[in-house]
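> Next up is a structure, given as structure tokens.
The values are calculated or read from the model by the stated rules, or taken from the named source; none is laboratory data. In this text the structure is predicted, and so the values were computed from the model without any measurement. Note that each Cβ is placed from the backbone with ideal geometry, even for glycine, and that neighbours are counted across all protein chains shown.
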Amino acid sequence: MFGGPRHLALAGAGARGRAWPVPFDLAPLLALRGRPVAALVSGDPFWCGAGGSIAAALAPGEWRALPAPGVLSLAASRLGWRLEDVVTLGLHAAPLARLRPHLARGCRIIATLRDADSPAALAAWLVDEGAGAARLTVLERLGGPAERVRTMPAHAFAMDCAAPVAVAIDGTELPRGYGLPSVPGRADLLFTDDGQITRSPIRAMTLAALEPRAGALLWDIGGGSGAVAVEWALAGGRAVTIEPRADRIARIRANLDGFGVAHRVTAIQGSAPPALDGLPDPDAVFVGGGASEALMQALWARLPPGARLVANAVTLETEALLARWHASCGGRLIRIDIAEAAPLGRMRGWSPARPVTQWSVTCGSPE
């Protein structure tokens, strides 16, 4: 009988009990394949539990699940929250930054945490993120005889906790306007960059042209700061961003960590087309820098029907390249001219940005 020490004790496993290895590993359980084995995991083993990992390693006829109310259902029942309206996260095996896309005024989040010290670490992280007004409800050992539920704001957090522990975050008291906007074109100042970034208005139009969908895979070629890949991931997709410079790869990874999307985006140092070898076929491709005839030829030969290709150009040479491909393959070719008001002596005037030519096309489509 495998399980955590607390579960084994509650079940009276005695000499039959086997504690899960730390870090977690299925090898001892799989070594007993073919023999009767019980695994004590979360009440709902397929929601922030080990059920998915165990089922993936076994054939369908080798296992049976006997679910009971899990920590998320128990937490919602203690709080009176509708679970369908709550963001649920497994932070016992993920960085706290995974919260960032979900933190906003009025948010409700229930998350599992790693250990007894994690609630205090979470409270400190929220304070650092400017979310100290969020109310934390710490839910310890739910469903057992030692259950305990306590609430206080993050900025005043002072609790000794006992694992296993979950936490509920109520953002009702967060300042108006707090949190990441929910649409692409997020402010440039939110990103770490060296000037090589697709600026906010152009990025919004680029993401609209790329048409992100949940689970879809993007190739972001010429990553720069990784802003396009970050925004794609925030829309629910996955991405591979390719950038030749090591210093920019470091900035990309810092942005991925900061926005809590590192699990959705892979940063590769290299140049396309060689760096594309071995990658799974994409649902969309963005060429933000380094477009060339060789790259366009390689992409057109590789992309599956239905994939989107969007390329931006700021130089005359790349603009001419995209114009030729538009004439040959169709799609949509637009020119984006943007100007922003800026001081001009004692008054103001329009400060134009470099115009951007954008070609977008769906492969295999008669656009």
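> Looking at A284, A272, A313 in this structure, which one is closer than 18 Å to G364 by Cα and surrounded by 16 or more Cβ atoms within 10 Å (Cβ to Cβ)?
Working: A272 fails: closer than 18 Å to G364 by Cα; A313 fails: closer than 18 Å to G364 by Cα.
On inspection, the qualifying residue turns out to be A284.
Quick grid of which residues meet (1) outside any loop (DSSP other than H, G, I, E, B); (2) of a type outside the set (S, T, Y); (3) surrounded by 11 or more Cβ atoms within 10 Å (Cβ to Cβ):
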{"site": "W300", "(1), (2), (3)": "yes, yes, yes"}
{"site": "P304", "(1), (2), (3)": "no, yes, no"}
{"site": "A320", "(1), (2), (3)": "yes, yes, yes"}
{"site": "A327", "(1), (2), (3)": "yes, yes, no"}
{"site": "R335", "(1), (2), (3)": "yes, yes, no"}
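> Would you check if there is a residue in segment 323-334 being polar (S, T, N, Q), in contact with a strand residue (DSSP E or B) (Cβ under 6 Å, 6 or more places away or on another chain) and on the phi < 0 side of the Ramachandran plot? Give the steps one after another, and end with the answer.
The first filter runs over segment 323-334 and keeps only residues polar (S, T, N, Q), leaving 328.
Now restrict to residues that are in contact with a strand residue (DSSP E or B) (Cβ under 6 Å, 6 or more places away or on another chain): none.
No.
> May I pose another question? Quick one: is L126 among the aliphatic types (A, V, I, L, M) and outside any strand (DSSP E or B)? Before the answer, list the steps.
Details: among the aliphatic types (A, V, I, L, M): yes; outside any strand (DSSP E or B): yes.
Taking the combined requirement at face value, the residue satisfies it.
> Considering only residues of segment 1-41 that are among the β-branched types (V, I, T) and surrounded by 11 or more Cβ atoms within 10 Å (Cβ to Cβ), which is nearest to S53 (Cα to Cα)? Spell out how you get there, then give the answer.
Applying the first criterion (among the β-branched types (V, I, T)) to segment 1-41 yields 22, 37, 41.
With surrounded by 11 or more Cβ atoms within 10 Å (Cβ to Cβ) added as a condition, the list becomes 37, 41.
On the way: V37: 15, V41: 11 Å.
So, considering only residues that are among the β-branched types (V, I, T) and surrounded by 11 or more Cβ atoms within 10 Å (Cβ to Cβ), the one nearest to S53 (Cα to Cα) is V41.
> Right, A342: of a type in the set (A, V, I, L, M, F, W, C), assigned by TED's automatic domain parsing to the domain that holds A229 and free of Cβ contacts under 8 Å to residues at least 12 places away in the same chain or not? Working first, answer last.
On the way: of a type in the set (A, V, I, L, M, F, W, C): yes; assigned by TED's automatic domain parsing to the domain that holds A229: yes; free of Cβ contacts under 8 Å to residues at least 12 places away in the same chain: yes.
Yes.
> Consider only pairs whose beta carbons are under 7 Å apart and that are at least six residues apart or on different chains; among these, list those whose first residue lies in segment 134-154 and is over 19 Å from R114 (Cβ atoms) and whose second residue is among the β-branched types (V, I, T) and surrounded by fewer than 16 Cβ atoms within 10 Å (Cβ to Cβ).
Going by the 7 Å Cβ cut-off, the qualifying pairs are R135/T151.
> Still on this structure, I have one more. Filter segment 134-179 down to the residues that are of a type in the set (K, R) and surrounded by fewer than 17 Cβ atoms within 10 Å (Cβ to Cβ) and list them by number.
To start, the set of residues in segment 134-179 that are of a type in the set (K, R) comprises 135, 141, 148, 150, 176.
Across segment 134-179, the qualifying residues are R135, R148, R150, R176.
> Now a separate question. Would you call L89 part of a loop (DSSP other than H, G, I, E, B) and of a type outside the set (V, I, T)? Break it down into steps so the answer makes sense when it comes.
Details: part of a loop (DSSP other than H, G, I, E, B): no; of a type outside the set (V, I, T): yes.
Answer is no for this residue.
> Are any residues in segment 281-298 in a helix (DSSP H, G or I) and either among the hydrophobic types (A, V, I, L, M, F, W, C) or not assigned by TED's automatic domain parsing to the domain that holds L218 (or both), and if so, which ones?
We begin by selecting, within segment 281-298, every residue in a helix (DSSP H, G or I); these are 293-298.
Those that are in a helix (DSSP H, G or I) and either among the hydrophobic types (A, V, I, L, M, F, W, C) or not assigned by TED's automatic domain parsing to the domain that holds L218 (or both): A294, L295, M296, A298.
> Separate question: Condition first: surrounded by fewer than 13 Cβ atoms within 10 Å (Cβ to Cβ) and either in contact (Cβ under 8 Å) with a residue 24 or more places away in the chain or in contact with a strand residue (DSSP E or B) (Cβ under 7 Å, 6 or more places away or on another chain) (or both). Now tell me which residues in segment 54-74 satisfy that.
Looking only at segment 54-74, we keep the residues that are surrounded by fewer than 13 Cβ atoms within 10 Å (Cβ to Cβ), and these are 56, 59-62, 64, 66, 68.
Within segment 54-74, E62, A68 meet the criteria.
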